[in-house]
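The values are calculated or read from the model by the stated rules, or taken from the named source; none is laboratory data. All values derive from a computational prediction rather than experimental measurement. Counting neighbours? That spans all protein chains shown, and the Cβs are built from the backbone with ideal geometry, glycine included.
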Amino acid sequence: MINTHHHPDHTFGNSAFSDVPIMALSETRNLLMKNGDFFLKTVHERVGISSEDTVVILPSVTVEGGVKSFSGYPLKLIRFSGHSGNDLVVYDPLTKILFAGDMLFWNRAPTTPHSPGIDIWLEEIDRLAELNPAVIIPGHGPLAHDSGPIEQTRAWLVWLDSLMREGVAAGRSANALIDSDIPELLSDIPMAKFELTRSISHFYRKYEDSWWENANR
């Protein structure tokens, strides 16, 4: 069992596999240890009785990336940070299957609350594209036999970054950006407006601060 990052939708299934080794980055384990009870409380409040059997199970084995052998079968564990700050991607070099975690979304707008920066995420997406995977299993959405998840996630992040940079330069408020029209290519993605609102709410202040720092140099 491998946890790609610490978010509850990718770790709360651990309780169903507590009798097998669970691998994750050391930072992922630490973040789940720190935030697990809060995540659990939030899940209970949102889904109620259906989550009663869910408990926080921490990863039992920490890894730092590289090629690992699983009963003689090699898998490449690649460390990234773009989505959550500590992301682990699993690549099967024999079948060219990429388990991307939330580094890639497909037909679902990307979530950004714990991202260290869109520029970092985009650079890492380029590195994923260099793998030229035959099959992509994104963190959210169906598997793909083409580069669709790469292109869609990249397109969303490029647009979001441009929107905030241009908004700061034009002196627009966060509320004004939240009301922006989403490009036609991206507007039909589920949760697009919701995730735009979330991203602007937590990211825009950083863009404003960066703009003023550069302006005062």
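Data table
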read-out	value
Among (1) touching a residue at least 12 places away in the same chain (Cβ under 8 Å); (2) surrounded by 10 or more Cβ atoms within 10 Å (Cβ to Cβ); (3) not polar (S, T, N, Q) - the single one VAL47 does not satisfy	(1)
Matching option when the condition is closer than 28 Å to GLU64 by Cβ, in contact (Cβ under 8 Å) with a residue 24 or more places away in the chain, assigned to a loop (DSSP other than H, G, I, E, B) and touching a helix residue (DSSP H, G or I) at 6+ places or on another chain (Cβ under 9 Å), among PRO138, PRO133	PRO133
Criterion violated by GLY167 - all others in (1) in a helix (DSSP H, G or I); (2) surrounded by fewer than 13 Cβ atoms within 10 Å (Cβ to Cβ) satisfied	(2)
The range 19-44, subset out of contact with any strand residue (DSSP E or B) (no Cβ under 6 Å at 6 or more places or on another chain) and of a type in the set (A, V, I, L, M), residue surrounded by the fewest Cβ atoms within 10 Å (Cβ to Cβ)	VAL20
Count of residues meeting criterion [at pLDDT 95 or above and polar (S, T, N, Q)] in the range 201-217	1
Residue satisfying all of: in the range 44-63; outside any helix (DSSP H, G or I) and among the β-branched types (Val, Ile, Thr); modelled with the lowest pLDDT among these	THR54
Among residues of the range 1-43, those that are of a type in the set (D, E, K, R), modelled with pLDDT under 95 and either outside any loop (DSSP other than H, G, I, E, B) or in contact with a Gly (Cβ under 7 Å, 6 or more places away or on another chain) (or both), counted	3
The lone exception for ARG79 - which of (1) outside any strand (DSSP E or B); (2) closer than 29 Å to ASP92 by Cβ; (3) of a type outside the set (A, V, I, L, M, F, W, C); (4) touching a residue at least 24 places away in the same chain (Cβ under 8 Å) it fails	(1)
Selection within the range 90-113 - part of a loop (DSSP other than H, G, I, E, B) and either under 25 Å from LYS68 (Cβ atoms) or at pLDDT below 95 (or both)	PRO93, LEU94, THR95, LYS96, PRO113
Cβ-Cβ under 8 Å pairs, at least 6 apart or on other chains, the range 172-200 side not assigned by TED's automatic domain parsing to the domain that holds GLY117 and at pLDDT 95 or above, far side assigned to a loop (DSSP other than H, G, I, E, B) and exposed (fewer than 15 other Cβ atoms within 10 Å of the Cβ)	none
